[in-house]
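Here, each number is a calculation from the coordinates, and none is a lab measurement. Since this is a predicted model, take the numbers as computed values, not measurements. Cβ: placed from backbone, ideal geometry, glycine included. Neighbour counts: every protein chain shown.
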Amino acid sequence: MPHKVIIIGSGCAGSTAAIYTARANLEPLVFEGLEPGGQLSLTTLVENFPGFPNGIMGPELVQLMKQQAERFGALYKQEVITSVDLSRRPFVLRTSDSSYEADALIIASGASAKWLGLESERRLIGRGVSSCATCDGFFFRDKSVAVVGGGDTAMEDALFLTRFARKVTVIHRRDQLRASKIMAERAMMNPKIEFVWDTVVTEILDAGAQRVEAVRVRNVKTEKEAVLPFDGVFVAIGHKPNTEIFEGQLELENGYVVVYDGSKTSVEGVFAAGDVHDRHYRQAITAAGAGCRAAMDAEKFLEAQSK
């Protein structure tokens with residue numbers, strides 16, 4: 001028998017959708033995916049989520065959301081959806097060894113930050129290495145930080161960080177920015193922002209000390225290496241929405257799910273919430289709001305189908 005609602009993703013959007021659909025007695029089945037808890041599971045202290053005046057650790061916040069959803073009857077599975085068939089209802093979703101059917105589907109699979117791929121970077125995420133300036137910039141007041149990237153995201157992050165940091169250095173692998181002209185001009189005119197051109201980061205120091213102290217860089221034209229001291233590193237080379245399994249079945253734009261009239265997608269009965277469609281805000285609170293919206297839309301859809 002098909003599940004009334006299946007939710008793909010267990011971050012703020014997915015778990016909020018689970019809370020709302022569970023309270024509506026829709027018994028949602030939630031697939032946690034490759035990154036249970038989403039990007040907040042990689043974050044340390046979260047100080048901008050309402051209701052926590054002293055802040056809360058990212059992993060704890062998503063765990064509390066999960067417990068709240070489970071309290072109302074949501075079922076979480078630590079499985080990864082590998083393929084879907086949205087050509088008919090009930091929709092068919094497959095994992096590596098099972099298949100499931102759903103009358104309504106909420107996609108909250110999020111977007112993954114693109115990383116440099118360094119072992120030292122991985123070990124220092126949440127310990128001075130971040131992919132979210134608006135999340136973590138506050139912790140670098142009067143510090144010196146690096147922003148890696150040359151697009152609009154990197155310029156937005158660099159400009160935002162000047163509110164807190166003493167100095168912001170943009171490290172870019174090319175000799176000119178990929179950012180839009182207006183964003184590039186704003187960044188280059190800011191006295192707090194400096195640029196290191198034609199350069200890539202080869203290592204973040206010091207993983208052994210469990211904190212960021214410097215980065216090792218290499219000039220791609222001269223091959224000359226150097227060590228530059230920093231208190232933090234913000235990787236701003238973009239995000240990749242986790243939508244590969246929906247290609248050819250849902251309307252996507254640059255990989256992001258296109259939504260209409262709230263959370264509706266191009267397929268009736270399929271809804272989207274959070275970073276999987278939101279390329280602008282990417283905040284825990286906006287993802288939670290989107291999860292609420294998708295759950296309410298799914299509930300209305302199922303109610304109309306039963307009449």
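Quick check on packing: order 251-257, 145-151 by the mean number of other C-beta atoms within 10 Å, highest mean leading.
Top of the packing list down: 145-151, 251-257.
Here are some pairs, Lys192/Lys240; Lys4/Lys240; Lys143/Lys240; Lys181/Lys224; Lys4/Lys66; which of them have Cα atoms lying more than 25 Å apart in this structure?
Lys192/Lys240; Lys4/Lys240; Lys143/Lys240; Lys181/Lys224
From the residues Val201, Ala273, Gly58, which one has its Cα farthest along the dipole of the chain in the positive direction, the dipole being from +1 and -1 charges on Cβ of Lys/Arg and Asp/Glu about the Cα centre?
Val201
Round to the nearest 0.05 the FRET efficiency obtained for Glu194 and Ser266 when R0 = 51 Å and r is the Cβ-Cβ distance.
That pair, Glu194 with Ser266, gives E of 0.70.
Hey, what angle do you get for helix 152-161 against the long axis of the chain, alpha-carbon based, 0 to 90 degrees rounded to 10?
70
Could you work out [θ]222 nm for the chain from helices alone, using -39500 (n - 2.57) per DSSP H run of at least four and dividing by all its residues? Round to the nearest 500 deg cm²/dmol.
Values: 7 runs with 78 residues, N = 307.
Roughly -7500 deg cm²/dmol at 222 nm, from the helical runs in the chain.
What percent antiparallel are the DSSP beta bridges of the stretch 119-235, to the nearest 5?
The antiparallel fraction comes to roughly 40 percent.
Just want to confirm a number: the relative contact order over the stretch 151-240, from Cα pairs under 8 angstrom separated by 6+ residues, in percent.
The normalised contact order for the stretch 151-240 reaches 25 percent.
So if I place +1 on the C-beta of Lys and Arg and -1 on the C-beta of Asp and Glu, and nothing else carries charge, what would the dipole magnitude of the chain be about its Cα centre? I want it in debye, nearest 20.
On the way: 35 positive and 39 negative charges, 127 e Å.
Computed about the Cα centre, the dipole is about 620 debye.
For the stretch 105-174, which chymotrypsin sites (Phe, Trp or Tyr not before Pro) pass both filters: DSSP loop (anything but H, G, I, E, B) and at most 16 other C-beta atoms within 10 Å?
Answer in residue order: Trp115.
Can you pull a Stokes-Einstein diffusion coefficient for the stretch 1-122 at 10 °C (1.306 mPa s), Rh from Kirkwood over Cα pairs, as a whole number of µm²/s? Walk me through the intermediate numbers first.
Values: Rh = 15.2 Å.
This corresponds to a translational diffusion coefficient of 104 µm²/s.
Give or take rounding to whole Å, what are the principal axis extents of the alpha carbon atoms in the stretch 50-100, in descending order?
Computed over the Cα atoms, the extents are 46, 21, 18 Å.
Please state, to two decimals, what the Cα-based radius of gyration of the stretch 76-119 comes to when divided by 2.2 N^0.38 Å (N = residues).
Normalised by 2.2 N^0.38 Å, the Cα Rg of the stretch 76-119 equals 1.51.
Please report the antiparallel percentage of DSSP beta bridges with both residues in the stretch 23-116, rounded to the nearest 5.
Beta bridges within the stretch 23-116, antiparallel portion: roughly 75 percent.
For the stretch 109-152, build the charge dipole from Cβ charges (+1 Lys, Arg; -1 Asp, Glu) around the Cα centre, then report which of Leu118, Cys132, Val145 sits farthest towards its positive end.
Leu118
Under the rule that a partner needs its Cβ under 4.7 Å from the first Cβ, which Cys of the chain have none?
Cys12, Cys292
Given 37 °C and 0.692 mPa s, how large is the Stokes-Einstein diffusion coefficient of the stretch 48-200 in µm²/s, with Rh as the Kirkwood radius over Cα pairs?
Reported coefficient: 172 µm²/s.
Run through the DSSP bridge list for the chain and note the antiparallel percent, rounded to the nearest 5.
Counting DSSP beta bridges with both partners in the chain, the antiparallel share is about 45 percent.
Output ³J(HN,Hα) for the stretch 109-118: one whole-Hz value per residue in order, computed from phi by the Karplus curve 6.51 cos²θ - 1.76 cosθ + 1.60 with θ = phi - 60°, and x for Gly and Pro.
7, x, 9, 9, 5, 7, 10, 6, x, 8
Across every pair of different alpha-carbon atoms, what Kirkwood hydrodynamic radius in Å does the stretch 119-235 reach?
Computed over the stretch 119-235, the radius equals 13.9 Å.
At a Förster distance of 25 Å, what's the computed FRET efficiency of Glu27 paired with Glu251, Cβ-Cβ distance as r, to 0.05?
The formula returns an efficiency of 0.30 here.
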